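Here's the structure, in structure tokens; my notes come after.
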Protein chains: 2
Amino acid sequence: MTQPEQVVEPTGTGDEQQGRPGRKRDHSRDPEILEAALDILAECGYDGMTVDMVAARAKAGKATLYRRWPSKAHLVIDAVACMKRAQHQAPPPDTGTLRGDLVAMIRPPGIADGQRKMQVMGGLVSLLAREPELVEAVDEAITEPRVRQNRIVLERARDRGEIRADADLELVAHIGPAMASYRTLVQRRQVDREFLVRIIDEVVLPALGVPPGDPTG
Amino acid sequence: MTQPEQVVEPTGTGDEQQGRPGRKRDHSRDPEILEAALDILAECGYDGMTVDMVAARAKAGKATLYRRWPSKAHLVIDAVACMKRAQHQAPPPDTGTLRGDLVAMIRPPGIADGQRKMQVMGGLVSLLAREPELVEAVDEAITEPRVRQNRIVLERARDRGEIRADADLELVAHIGPAMASYRTLVQRRQVDREFLVRIIDEVVLPALGVPPGDPTG
DNA sequence: CAGTTCCGAAAATGAACAGTTCCGGAATCA
DNA sequence: TGATTCCGGAACTGTTCATTTTCGGAACTG
């Protein structure tokens, strides 16, 4: 567990399908295994997860996992990295108003996705305490993608003159993830559409100086 | 670990000091042990904590812990409950303005205290995933005390007519804890006075309709 | 002082689990 | 078909840790 180091080989590059004559190692099962690892991680946390659980969930042998990853820690790190790669790099919506953009970012798949990401984050919290060098990788995979999108729509709104020019956008871009992680990890309540809209209308927009009875969006 | 159930006997009721002739069990060492447990919990998390660590930190024998608590889980639950009892029930400040109250609630001891409480929370996150019935107890011990104080000053401000009458105070009262837990657990950054003041001025007060260039406070 | 009680230290016990190794079968190769 | 490779399943090894016991000594009792 000491310094698992970043696993280098990327996964799911898209050029494999099944048993290929390659002489190296067959990575065709990686996606299922990494998904299984994320599932277990979200359910049980890093310490509660066992390699047997992951193997069973992926219908693979434990030996298969160890043929591919040198340790449980490496597997988890790769799974988190995979999460980042899987990020749909879709640009944020551009509806013309900030509220429109923010609300449009709430889509059913995004909610379920975000819920799981938060639970994975919860499963990693105790690990992060022991391995601070993982903080950046986890942040990059889980919260940054969302924050980046928030930044984009916020900056656009600022450039349009829709919001206070001196607002602390960096702080505001983190409000959503912060409230969502708090609700998921601490309060253990559902993050649903109603909650997210309330955050937008009651916290984010007011922080930007947008009047409550929104004329736009 | 299954259903540890609430430990009943309260600790540190104040009527013991050292080796008393009592016929039952001597609880005089409880406070040191529970504090040690909280320290380790904050540092290592529930799964990373071992009973030996707690015993060593408290300069007690492991057997002593097992004479007093039936299991590691019971010890931790009692430690969390103890945290709640230790809450200084000091009423929130009443400076006459909302901002004054909120800023006055930031005191050096309170910051360090809050930091540790958040780290204890982090150490419990993975446990909460496995034992949902603990969520309420943990919440009650860690976040509720702060939220309750927030509620009081917010309601006072509303009654003074200082803020929007229709603001969602329940939501706003959770902004501080949410941002603090996010910063501590996810971002692993310091929660310092500057950060807390920024939350108040950039997020909380705007959400309540208080103009940015605060005339009060 | 002899008896009693409690405690800390340390050794013992047993289960869970990371990491290894083996094995038989299926798919691929030649 | 026979050789080769990979895989899943299962048994094995070594370590860590919760929990239990044991033991010798300190403090208190009478």
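Among the residues of segment B:108-115, none qualifies, meaning not one is within 14 Å of chain A (Cβ to nearest Cβ) and either touching a Gly at 6+ places or on another chain (Cβ under 7 Å) or open to solvent by 50 Å² or more (accessible area, probe 1.4 Å) (or both). In segment A:199-213 there is at least one residue matching the filter, namely being part of a helix (DSSP H, G or I), of a type in the set (D, E, K, R) and surrounded by fewer than 23 Cβ atoms within 10 Å (Cβ to Cβ).
Of all residues in segment B:85-107, those satisfying the criterion of being under 14 Å from residue B:149 (Cα atoms) and touching a Gly at 6+ places or on another chain (Cβ under 6 Å) are B:99, B:100.
Cβ-Cβ distance below 6 Å, separation of 6 or more or different chains: which pairs start in segment B:140-153 with a residue that is under 16 Å from residue B:179 (Cα atoms) and end on one that is among the basic types (Lys, Arg)? Cβ pairs passing all conditions: B:142/B:117. Of the residues making up segment A:40-79, those that are away from DNA strand C (no atom under 12 Å from the Cβ), open to solvent by less than 50 Å² (accessible area, probe 1.4 Å) and within 14 Å of chain B (Cβ to nearest Cβ) number 1.
Checking A:137, A:141, A:180, A:167 one by one, the residue that is open to solvent by less than 10 Å² (accessible area, probe 1.4 Å) and either in contact with a strand residue (DSSP E or B) (Cβ under 8 Å, 6 or more places away or on another chain) or at pLDDT 95 or above (or both) is A:141 and no other.
The requirement of being within 11 Å of chain A (Cβ to nearest Cβ) and surrounded by 15 or more Cβ atoms within 10 Å (Cβ to Cβ) is not satisfied by residue B:154.
The values are calculated or read from the model by the stated rules, or taken from the named source; none is laboratory data. The shown structure was predicted, so the numbers you read here are calculated from the model rather than taken from an experiment. No Cβ is skipped: glycine too gets one built from the backbone with ideal geometry, and neighbour counts run over all protein chains shown. Protein only, heavy atoms only, side chains kept; ligands, DNA and RNA dropped before computing areas. Shrake-Rupley method; radii C 1.70, N 1.55, O 1.52, S 1.80 Å.
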